[in-house]
Amino acid sequence: MTTTSTSFINRSTAILAQLEETGQLKQLQMIESPMGPRISIRGRGDVDCFCSNNYLGLANHPNVVEAGIEGLRTYGAGTSSVRFICGTFAPHESLEERIASFLGVEASYTFVSCWNATEATFPTLCQDGDVIVSDELNHACIIDSMRLTTAIHRGVSKCIYKHSDMKSLRDALVSATEKCSSDGNIFVITDGVFSMEGDIALLPEIRILCDEFEAVLVVDDSHGTGVMGETGRGTHEHYGMAGTEIDIFTGTLGKALGGGAGGYVAGKREAVELLVQRGRPTLFSNALPVTVACSAKAAIDTLANNPSLVHKLRTNVAAVRKGIAEVGFEVLESPTAICPIIVGETAMAISMSNALLEMGVFAIGFGYPVVPEGAARIRVQVSSAHEKEHIERLCNALRQLKNG
Ligand SMILES: *Cc1c(COP(=O)(O)O)cnc(C)c1O
């Protein structure tokens, strides 16, 4: 080995050793079954799964699987191109129309992930003189997209506001207005459902502030789409807002809309068209595989035809939240399918999560740096695919943990 690589290997080894010593080393579990309410983990057997984003049980739904197989048969495996050369297939178009009509917006465009969609959004839509205003607890992809934007466009500034604090958002908008050039635009970005707290953005109030300050409202509803609102349209529907009241959505096809994977930007036609024309991930990276696009469309169709999936999810969420509280744990209150049990230190969250797994319940502990130091948690995620028996076993395991 060269001296350089020795130095790098030693440094990496030391970091990994430190993670191990402090109980922060993550173990990747090998799943040997389809995703569902009960899954098979290598070396452990069947466990009840309470940590997937499979909120509507669509990840392995027969319609979704069949549509993917059909897509694979008809179009083959690879797109072999970026979208603007020869990578746009008919299923991309029908999926994008489906996403737009589902959300109630003008247009949408897909990416291989929501991470990728978000990474495309701000660097493409922003230019010097613009300001991005962002909730402090926004998803990592938003934070990184802003970092990328300010690195590419040195004249773009950022203002961060306190989590869901409307006074702080107003202050940020006042300061954004001062920083914004005369032809600049202000963008306000928020998660719809916050992935670690499980709470929801105050979209109606944020909309009013955006109108007052003439700001573009961008909502990443990755944990809200398919989950929130009477028919699962998302956090805007929860508040009775039309899709058009949100200027731009970003979202994932890998959570409730479990077509496999993928992400999208949806909303105003001009924003979507700019991403088609100039988004670097769309110009330089392969299209969403067609089989995945077919599955994703089937997932949205299945949800649209079965609003009962959303109702069952809601019933299950209520049962799980009640169960956790009865056991004596504190769960952050909210209407979403994310139920975080705050336990404190990272090592504590990891050891509790390990103990749950020993009892056949799979729920992951999150600690620093995913959440702030001292606010480590077990995140319980509920699915419409869960039945009473799964929820009972979760509560029994939590009770055993509580009683030592
Ligand atoms: C999960 C998540 C993403 C990432 O979605 P992928 O499609 O897996 O890249 C982006 N934003 C938010 C808010 C998320 O919760």
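The values are calculated or read from the model by the stated rules, or taken from the named source; none is laboratory data. Predicted model only: the values in this text are computed from it and were never measured. Neighbour counts run over all protein chains shown; Cβ positions are idealised from the backbone, glycine included.
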Condition first: surrounded by 20 or more Cβ atoms within 10 Å (Cβ to Cβ), among the small types (G, A, S), outside any loop (DSSP other than H, G, I, E, B) and within 20 Å of the chain's Cα centre (by Cα). Can you find one or more residues in segment 61-72 that meet it?
no
Residue list for segment 84-133, filter: farther than 19 Å from R278 by Cα, small (G, A, S) and buried (at least 20 other Cβ atoms within 10 Å of the Cβ):
A100
Might you let me know whether segment 93-102 holds any residue that is more than 17 Å from T282 (Cβ to Cβ) and of a type in the set (K, R)?
yes
Just to be sure, is E237 in a loop (DSSP other than H, G, I, E, B), more than 30 Å from L72 (Cβ to Cβ), away from the ligand (no atom under 11 Å from the Cβ) and not aromatic (F, W, Y)?
no
I'm checking my understanding of the structure. Among residues of segment 362-404 that are touching a Phe, Trp or Tyr at 6+ places or on another chain (Cβ under 7 Å) and part of a helix (DSSP H, G or I), which one is modelled with the lowest pLDDT?
K402
Going through segment 100-119 one residue at a time, which ones are within 12 Å of the ligand (Cβ to nearest atom) and of a type outside the set (D, E, K, R)?
T110, F111, V112, S113, C114, W115, N116, A117, T118
Out of S81, S52, sole residue that is away from the ligand (no atom under 16 Å from the Cβ) and either outside any helix (DSSP H, G or I) or at pLDDT below 95 (or both):
S81
Only residues that are of a type outside the set (S, T, Y) and either surrounded by fewer than 24 Cβ atoms within 10 Å (Cβ to Cβ) or touching a strand residue (DSSP E or B) at 6+ places or on another chain (Cβ under 7 Å) (or both): list them for segment 254-270, please.
G254, G260, A261, G262, G263, V265, A266, G267, K268, R269, E270
P281 passes all but one of the listed conditions (1) assigned to a helix (DSSP H, G or I); (2) away from the ligand (no atom under 16 Å from the Cβ); (3) out of contact with any His (no Cβ under 7 Å at 6 or more places or on another chain); the exception is number (2)
Quick check on this structure: which one of G263, G226 is out of contact with any His (no Cβ under 9 Å at 6 or more places or on another chain) and either of a type in the set (D, E) or closer than 16 Å to E96 by Cβ (or both)?
G263
Just name the residue that is farthest from the ligand (Cβ to nearest atom) out of those in segment 135-193 that are assigned to a strand (DSSP E or B) and more than 20 Å from G267 (Cα to Cα).
S157
Is it the case that segment 301-312 has a residue that's within 27 Å of L148 (Cα to Cα) and out of contact with any strand residue (DSSP E or B) (no Cβ under 9 Å at 6 or more places or on another chain)?
no
Given the conditions (1) in a helix (DSSP H, G or I); (2) of a type in the set (G, A, S); (3) closer than 19 Å to E237 by Cβ, and given that A117 satisfies all but one, which numbered condition is not satisfied?
(3)
Quick check on segment 44-57. Is at least one of its residues surrounded by fewer than 17 Cβ atoms within 10 Å (Cβ to Cβ), among the polar types (S, T, N, Q) and within 23 Å of the chain's Cα centre (by Cα)?
no
Residue match in segment 240-259 (condition: free of Cβ contacts under 8 Å to residues at least 24 places away in the same chain and not in a helix (DSSP H, G or I)):
yes
Hey, T302 among the hydroxyl-bearing types (S, T, Y), surrounded by fewer than 24 Cβ atoms within 10 Å (Cβ to Cβ) and outside any loop (DSSP other than H, G, I, E, B) or not
yes
Quick one: I342 ticks every box in (1) assigned to a helix (DSSP H, G or I); (2) more than 19 Å from I41 (Cβ to Cβ) except a single one, so which number is it?
(1)
Where residues in segment 345-361 are part of a helix (DSSP H, G or I) and in contact (Cβ under 8 Å) with a residue 40 or more places away in the chain, which of them is surrounded by the most Cβ atoms within 10 Å (Cβ to Cβ)?
L356
What's the number of the condition E273 fails, among (1) modelled with pLDDT of 95 or more; (2) buried (at least 19 other Cβ atoms within 10 Å of the Cβ)?
(2)
Odd one out for K312, checked against (1) at pLDDT below 95; (2) buried (at least 17 other Cβ atoms within 10 Å of the Cβ); (3) more than 19 Å from the chain's Cα centre (by Cα)
(1)
I'd like the full set of residues that are crowded, with 23+ Cβ neighbours inside 10 Å and either within 13 Å of the chain's Cα centre (by Cα) or among the polar types (S, T, N, Q) (or both), limited to segment 178-199.
T190, D191, G192, V193, F194, S195, G198
